[in-house]
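The values are calculated or read from the model by the stated rules, or taken from the named source; none is laboratory data. Please read these numbers as outputs of a predicted model, since none were measured by experiment. Every residue, glycine among them, receives a Cβ derived from its backbone with ideal geometry; neighbour counts consider all protein chains shown.
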Amino acid sequence: YLTGAVSQYSEKAGESAAGILESIRNREGALSSDTSVINTVCGTLVNDISKYIKDELYIVLDDLHLLPDEEWVGEVLEYLLKYLPSNVHLLITTREILPIDTGKLKAKRKFYEISEGLKFTGDEVRILANKEYNTELMDDDIPVIEKIDGWITGVHLYLQGDRERGAEFITKGVLPENIYSFFAEDIFSSEQDEVKEFLLNSAVLENFTAKECDEIFKKKNSAEVLEELFARNVFINRTEIIDDGKPEYIYNYQSLFRDFLKRKLDENLTEAERVELYTKVGEYYRKTDLSKAIRFYLLAGDFETALESIKDYYESATGSINFSLLESWITMIPDDMKTENAFLVFYKGNIEQVLYGNTGSALELFERSAEMFKKIKETVFYVKSIIWLSYLKVNQGKNGEAIELIEETLKEKVSPADKAKLLYRLGIAYSNLFEYDKALDVFQEALEISNV
């Protein structure tokens, strides 16, 4: 995402780094734990930025806390903060402490932290109330605003909710355990039934358009409902995009409000209704965004359809598979299925190798998946298991075993793409054994297949 964002500002600035990332993905190596890979990619990006961008550039990393809690996040940040040129500035928003040592940066006046400064003052709240809600703050409102302590979301909630009831709680010193839920409930209960239903249903969607809501929930007025909610500041964001030359809005609820709505949805729907809703959303996205569809099938408990969709995703996303996303899907599947299903065993092997670099575990899993695929005569994924096995065995120096495995597999009916991969692995194994003539022959054959 970072290289893509930089590329939008200057196409050449992110091009080389993006190319290196793609090359690494294609060779099926582990990205997340390899410091040398991070240094190579970040170093290339920094060099390109220094070369092609001379103006002041501000890069905003929004909601950094949503990234996985892994070492590479801190390593990337530290590299960028250390080596980015002085005309490039990082702005980071996060709800958690940054995973880096900021002491040296502060000492060199290269780091500035804003925390208390984000709180709204009394005067700023008055201006907000007057400008956005066309109302004046009264004396009874002041203790509530002080209790909210400048939290802008809390201010909005209070101004939209029953202010008299909220002030009564505050002045009595009885603050609801969850002030957000208290005011959000107040706002939600004041909506018409049609709007309540729309809010609850659309809360299952992370980002959505009015057109998607119309099609998924069989509505005709989603655009009007969304426009009204946005106009009333009901905790909904929107971003304008151009689709087929026409402007369109992508909406999403603010995270706290969405969490509130999802809890309400769980309270209001039976299990059967929840399954029906998730299935309906999954069926819609299966035609447009397979990764979204998979998540909804899993939430609906339709593991058979989810597994079919994951298989389609894996085959269609070769070279750009999101293994963290793959892992998140696998964790939603019952444990007994993970040991009995050949595809799940295979995916777990991918995750162990690519995300965690656990070669021993990955090797065992790919050996099991190969055996299971062979038993059920699933040739395509049997070959993919062998490709992984040969890769790992070559890396372990077991070149003879890899050669035997590959030569046996090449007797099977193999797709051109997989055949080229097997021949490439075979060439590496031969060259490691100093059999260069054989290596050149199979490399040439692999190249000819790839160029077709």
Notebook entry, point to check: Condition test on K280, is it under 28 Å from R95 (Cβ atoms), surrounded by 15 or more Cβ atoms within 10 Å (Cβ to Cβ) and modelled with pLDDT of 90 or more?
Noted result: no
Checklist line | Scan of the range 80-96 for residues that are within 22 Å of the chain's Cα centre (by Cα) and outside any loop (DSSP other than H, G, I, E, B), ordered by number | finding: L80, L90, L91, I92
Item checked: Filter result (surrounded by fewer than 17 Cβ atoms within 10 Å (Cβ to Cβ) and under 27 Å from L66 (Cβ atoms)) within the range 336-354 -> K338
Notebook entry, point to check: V6 is checked against (1) touching a strand residue (DSSP E or B) at 6+ places or on another chain (Cβ under 9 Å); (2) in a helix (DSSP H, G or I); (3) modelled with pLDDT of 85 or more and fails just one. What number does that condition carry?
Noted result: (3)
Check: Within the range 50-87, which residues are more than 22 Å from K104 (Cβ to Cβ), in contact (Cβ under 8 Å) with a residue 40 or more places away in the chain and surrounded by 13 or more Cβ atoms within 10 Å (Cβ to Cβ)?
Finding: Y52, I53, L57
Check: Filter the range 301-323 for residues that are within 15 Å of the chain's Cα centre (by Cα) and crowded, with 16+ Cβ neighbours inside 10 Å; which is modelled with the lowest pLDDT?
Finding: I321
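Tell me, yes or no, whether the range 307-316 has at least one residue that is under 30 Å from D418 (Cβ atoms) and aliphatic (A, V, I, L, M).
yes
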Notebook entry, point to check: Which condition number does E267 fail, the rest of (1) surrounded by 11 or more Cβ atoms within 10 Å (Cβ to Cβ); (2) of a type outside the set (A, V, I, L, M); (3) at pLDDT 90 or above; (4) over 14 Å from F198 (Cβ atoms) being met?
Noted result: (1)
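Does E191 satisfy the criteria of being within 29 Å of the chain's Cα centre (by Cα) and modelled with pLDDT of 70 or more? Please lay out each step first, then the result.
Values: within 29 Å of the chain's Cα centre (by Cα): no; modelled with pLDDT of 70 or more: yes.
In short, no.
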Next item on the list: Please tell me if L298 is among the aliphatic types (A, V, I, L, M), at pLDDT 95 or above and touching a Leu at 6+ places or on another chain (Cβ under 9 Å).
Entry: no
Item checked: Whichever residue in the range 355-372 is in contact (Cβ under 8 Å) with a residue 60 or more places away in the chain and surrounded by fewer than 17 Cβ atoms within 10 Å (Cβ to Cβ) and, among such residues, is nearest to the chain's Cα centre (by Cα) -> Y356
